[in-house]
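Take a look at the structure below.
The values are calculated or read from the model by the stated rules, or taken from the named source; none is laboratory data. Computed from a predicted model, the values in this text were never measured in an experiment. Neighbour counts run over all protein chains shown; Cβ positions are idealised from the backbone, glycine included.
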Amino acid sequence: MKIALVSPYDFAYPGGVVDHITYLGQELQEMGHAVKILSPVSNAGALGMDNLIAVGRPFPVPSGGSVARISLSVWRERTVKAVLKEEGFDIIHLHEPLAPVLPLTVLHCSSTANVGTFHAYNNRTLKYRLGQPFLDPFFQKLDSRIAVSPPAMSYVSRFFPGEYRIVPNGIDVDFYSEPVQPFDAFHDGKLNILFLSRLEKRKGLKYLLMAFSRLKWEYPFLRLLVVGPGNPGKECYRILAERNLQDVVFLGGVSREAKRRYLRTAHIFCAPATGKESFGMILGEAMASGRPIVASNIDGYASVMADGAEGFLVPPRDDEGLAGALERLIVDPQLRQEMGQRGMETVQRYRWDRVAAQVVACYDEAMASCVA
């Protein structure tokens, strides 16, 4: 098959949807399919991807507690039509198909089988509520619909009911499960708790800092590694200063290779996000690395791991509960090992070869529907 993967987000900027499209495309190519990626791109030359077609320049737009880098140009229809005519795709697979502006433009111009994957989850429904009359004709052009998790399906189906397949995000299990050398600077006898995410308010770092401050006095051998791009924010700086927290190390954004080394350097992985997570890809990467997890009990995370199995789930914004769950793992090395091993078994269901096979089944369904 000749497949188009369409992203609404800047392909030069890392993120869950961009990563998903990248690795799905690689897996589809390994299966023998021809794949092109259509996306807004701020710096196409830096990516070195010969199958990337840049369509539009992205602009940062606040969205759901984060920043979405999307193209806002409505003058790309001629470009999109030319690309679709030249490439002659068998399948067009749109990620966040109702997001502005590129996916909507592609859907409008498409005359072939269309598949849409819905990634987002948000308790607020204003966007879909206001946009439903305008967006419904685009939604009806989808021949097959995928949601990455039950929460993602619940979110979109409130305003766009229909048949959805649940196909989870994939995890590069082999990459993260491969033994790699921990960072020597942090391999010194201290117990490392790892936070790995963009430093956005909804990722909940301040609650982990408060939990860490509860534990540090009794367990002075603890260290908190904070990995991810962004600014911690005033609240985090205030907690650090008021509680005179020691052994909190901010490491900034890192490469994929460094990320897996930090996962190997950690003894416990912690994801204290407050909500708006549809899946929890980073939890899968931590599981593949054999690390026990303490995470917020939010829908997206609870669809990936089970409380008491691969780690512990605690109420969001509960620093006392977070500290209690972390303490259970701090004092029990055997429990850390058992939960880490269980995670390595659980994550096998998210291997990219399994996920890609499910996606291809949706392609077959869409093409059959289109012919009918």
Out of all the residues in segment 300-308, is one or more touching an Asp or Glu at 6+ places or on another chain (Cβ under 9 Å), assigned to a helix (DSSP H, G or I) and buried (at least 21 other Cβ atoms within 10 Å of the Cβ)? yes
So, in segment 283-299, exactly how many residues are crowded, with 24+ Cβ neighbours inside 10 Å and touching a residue at least 40 places away in the same chain (Cβ under 8 Å)? 10
Have a look at Ile70, Ile92 and point out the one that is surrounded by 12 or more Cβ atoms within 10 Å (Cβ to Cβ), at pLDDT 80 or above and part of a strand (DSSP E or B). Ile92
Identify the residue in segment 98-137 that is small (Gly, Ala, Ser) and in contact with a strand residue (DSSP E or B) (Cβ under 6 Å, 6 or more places away or on another chain) and, among all such residues, is surrounded by the fewest Cβ atoms within 10 Å (Cβ to Cβ). Ser110
Yes or no: segment 178-190 includes at least one residue that is within 25 Å of Thr117 (Cα to Cα), of a type in the set (A, V, I, L, M) and not in a helix (DSSP H, G or I). no
Would you point out which residue out of Tyr207, Tyr164, Tyr176 is of a type outside the set (S, T, N, Q) and over 25 Å from Gln358 (Cβ atoms)? Tyr207
Please work out if Thr112 is at pLDDT 95 or above, out of contact with any Cys (no Cβ under 6 Å at 6 or more places or on another chain) and under 26 Å from Thr274 (Cβ atoms). no
Selection within segment 213-228 - touching a residue at least 40 places away in the same chain (Cβ under 8 Å) and under 15 Å from Val249 (Cα atoms): Leu222, Leu225
Taking segment 298-324, which residues are more than 17 Å from the chain's Cα centre (by Cα) and farther than 27 Å from Glu178 by Cα? Val314, Pro315, Pro316, Arg317, Asp318, Asp319, Glu320, Gly321, Leu322, Ala323, Gly324
Scanning segment 112-143 residue by residue, the ones that are of a type outside the set (Ser, Thr, Tyr), assigned to a loop (DSSP other than H, G, I, E, B) and either farther than 19 Å from Ile298 by Cβ or free of Cβ contacts under 8 Å to residues at least 40 places away in the same chain (or both) total 3
With Ile146, Ile92 as the choices, which residue is touching a residue at least 24 places away in the same chain (Cβ under 8 Å), among the aliphatic types (A, V, I, L, M) and touching a Phe, Trp or Tyr at 6+ places or on another chain (Cβ under 9 Å)? Ile146
For segment 347-364, what are the residues that are buried (at least 18 other Cβ atoms within 10 Å of the Cβ) and either in contact with a Lys or Arg (Cβ under 8 Å, 6 or more places away or on another chain) or under 18 Å from Tyr301 (Cβ atoms) (or both)? Val347, Tyr350, Cys362
What are the residues in segment 149-201 that are basic (Lys, Arg), surrounded by 14 or more Cβ atoms within 10 Å (Cβ to Cβ) and not assigned by TED's automatic domain parsing to the domain that holds Gly311, if any? Arg165
Complete set of residues in segment 90-149 that are touching a Lys or Arg at 6+ places or on another chain (Cβ under 9 Å) and under 19 Å from Ala356 (Cα atoms): Asp90, Ile91, Pro97, Asn114, Val115, Gly116, Thr117, Phe118, Ser144, Arg145, Ile146, Ala147
Test each condition in (1) hydrophobic (A, V, I, L, M, F, W, C); (2) surrounded by fewer than 18 Cβ atoms within 10 Å (Cβ to Cβ); (3) farther than 30 Å from Arg354 by Cα for Val248 and report the one that comes out false. (2)
In segment 19-35, is there at least one residue being over 15 Å from Phe89 (Cβ atoms), surrounded by fewer than 19 Cβ atoms within 10 Å (Cβ to Cβ), charged (D, E, K, R) and free of Cβ contacts under 8 Å to residues at least 40 places away in the same chain? yes
Please find, among Tyr207, Tyr219, Tyr237, Tyr262, the residue that is in a loop (DSSP other than H, G, I, E, B) and aromatic (Phe, Trp, Tyr). Tyr219
Inside segment 332-355, can you point out the residues that are over 19 Å from Phe269 (Cα atoms), among the basic types (Lys, Arg) and assigned to a helix (DSSP H, G or I)? Arg349, Arg354
